[in-house]
1. Which is under 18 Å from residue 71 (Cα atoms) and assigned by TED's automatic domain parsing to the domain that holds residue 40, of 169, 183, 120?
2. Scanning for something in a loop (DSSP other than H, G, I, E, B) and at pLDDT 80 or above, does the range 178-190 turn up at least one residue?
3. Report yes if some residue within the range 324-344 is modelled with pLDDT under 90, assigned to a loop (DSSP other than H, G, I, E, B) and surrounded by fewer than 23 Cβ atoms within 10 Å (Cβ to Cβ); otherwise report no.
4. Among the listed residues 152, 170, which satisfies the condition of being more than 22 Å from residue 365 (Cβ to Cβ), in a helix (DSSP H, G or I) and over 16 Å from the mean Cα position of the chain (by Cα)?
C-alpha cells in the first residue's frame with residue numbers, strides 16, 4: 001500500500017519532516033475544486049428547468065430533487081467512513097466525479113421517471129463521497145499551519161466555478177436548450193477527472209511527512225478503527241454539528257422565499273435578478289474566502305465562524321424589513337460572507353477537532369449530515385410559515401434561528417485551534 005511507506009519519524013509519533021508537495025499537485029487541487037463546482041451547478045435549478053420543459057409536473061420535479069437530497073443525507077456518514085478507510089482517496093474522488101458526470105449526461109438525454117430518479121439518487125450519493133474525499137486530499141497535501149489558507153483557496157476556486165458555470169449554463173440554456181446545459185455539466189465533470197490526475201500520487205503517498213494529523217498518520221500505519229465510536233460522543237464535534245444544523249435551518253429557506261417573491265413581482269425579469277444575485281454572491285465569496293483563511297490563523301477559528309453565522313441574522317432581518325427586488329442582490333452579498341466562512345471553517349474546525357484522534361472524514365460525514373438535515377427542514381418550514389402567516393414572519397423566524405446558532409457557537413463551541 002502506497003501510503004504505508006511513511007518515514008520512521010512519523011511511525012514513532014515525532015513531528016513529520018518538512019516535505020512540500022509539487023506545485024502541480026496544488027494546482028490540480030485548485031482546478032479540481034473549480035471544475036467540480038461547475039459540474040455540480042448543473043444540478044438543482046437546471047434540472048428543474050430541463051424536467052419542466054419535458055412536461056413534468058411541479059410535484060414530480062420536486063420529488064426528483066428530493067430523491068437527490070435524501071440519497072445525500074443517507075450516504076453522508078457511510079461516505080465519510082468509506083473515505084476514512086480507503087488508502088486511495090484520489091480513486092474515491094475520481095469514481096464519485098465519474099458517477100456525477102454520467103448522471104448529468106443521462107439526465108440530458110433521458111427524462112423517463114425511473115431513469116431520472118436513479119440518476120438523481122446516484123448524484124446525491126456520490127456527492128456524499130466526493131466532498132470528504134476532496135477535504136482528505138487537501139489535508140494530505142498541506143501542513144496544519146497552512147490548512148486554513150489552502151481551504152480558503154479551495155472555497156475561492158469553487159465559488160468562481162459556480163459563478164462561471166451559472167452564467168455559461170444560463171446562456172446555453174436560454175439560446176439553445178436546457179439539455180445542452182446539462183451536457184455541459186457532464187463535460188465539466190470529465191475535466192475535473194483530468195484535474196484530479198494532476199495531483200501526484202507520490203505527494204499523497206508522502207502525506208505523513210507533510211502533516212502530523214492523526215487521520216493521515218493512523219491510516220499510513222495500518223489504521224486503528226476500534227475507536228471510531230468515540231467520534232459520535234465528542235462534545236466539541238457535537239456542539240459544532242448542532243451549530244451548523246441551526247445555521248442551515250435558518251439559511252436554506254431564505255433564498256427560495258426571496259426567489260418566489262421576486263418572480264411574483266417581476267415576472268420573466270425576475271430570472272435575471274435572481275441570476276445576478278447568485279453570481280454576485282459567488283464572486284464575493286471567491287474574493288473573501290482567502291482572507292477568511294488568513295483571519296482564521298490570525299484571530300482564531302471562532303471569530304470567523306461567528307462572522308459567518310451573524311451574516312445570516314443580518315440577511316434574514318433585512319429581507320423581513322424590505323424584500324424589494326432591487327435589494328435582493330445587496331442582501332445576498334451577506335450570503336457570500338457565510339459561504340466564505342463555512343467553506344473554510346467547516347473542514348478546518350473538523351480537522352482541528354480530529355487532529356489527535358483521527359477519523360476526519362467520518363466526522364465530516366456527521367457534520368455534513370447535520371447540515372443536510374437542517375437545510376432540508378428549512379425550506380419546508382419557511383414555505384409553510386410564509387403560506388400561513390406571511391413572508392415577513394417567515395424571515396423573522398429564520399433570523400431568530402440564525403441568532404440561536406450564534407449563541408450556541410458563542411457559549412458552547414470551543415476555539416478549536418487550541419482545544
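1. Among 169, 183, 120, only 120 is under 18 Å from residue 71 (Cα atoms) and assigned by TED's automatic domain parsing to the domain that holds residue 40.
2. For the range 178-190, residues in a loop (DSSP other than H, G, I, E, B) and at pLDDT 80 or above: absent.
3. Checked the range 324-344: at least one residue is modelled with pLDDT under 90, assigned to a loop (DSSP other than H, G, I, E, B) and surrounded by fewer than 23 Cβ atoms within 10 Å (Cβ to Cβ).
4. None of the other options fit; the residue is 170.
The values are calculated or read from the model by the stated rules, or taken from the named source; none is laboratory data. All of these numbers come straight from a predicted model, not from anything done at the bench. Using ideal geometry, Cβ is built from the backbone for each residue, glycine included, and neighbour counts are taken over all protein chains shown.
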